[in-house]
Amino acid sequence: MKEKSHIRSVIAQNVKKYRKLNGMTQEALAEAANVSNTYIANIECGQTWLSDKTLEKIADALNIDIYLLFMSEVSDKKDIDFLKKRQEMITYLTGRQNEIGKYIKNFFSETFETILKE
């Protein structure tokens, strides 16, 4: 039983930490994950257990890999910097999808043309 409450505590701390890192309120996370505000509050207090589907919805809403919710002591500066850089990269790439797609298409077209000429 001690193991389960430790895991619940780790998940609770991580949900709260990543929610704050994303600048989200409990209400915003609840809306993004399609759960109630009370449910998020209960998760962060370690008062409720989550199903795998709810864990996935929360991780998606927080834009993190689900395994991060299970890791204790992920709060060091290196990990936080990594998550911030990852989020910046996702935002940058998402805003330039068309441009990147054209670049990749041109790159492969030119590469195949070169190969076919040889």
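Some values worked out for this structure:
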{"quantity": "Residue within the range 59-72 that is touching a helix residue (DSSP H, G or I) at 6+ places or on another chain (Cβ under 9 Å) and modelled with pLDDT under 80 present", "calculated": "yes"}
{"quantity": "Residues that are outside any helix (DSSP H, G or I) and under 14 Å from the mean Cα position of the chain (by Cα), drawn from the range 20-67", "calculated": "ASN22, GLY23, MET24, ASN63, ILE64, ASP65"}
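The values are calculated or read from the model by the stated rules, or taken from the named source; none is laboratory data. Worth saying up front: this structure is predicted, and the values here are computed from it rather than measured. Cβ sites come from the backbone with ideal geometry, for glycine too, and all protein chains shown count toward neighbours.
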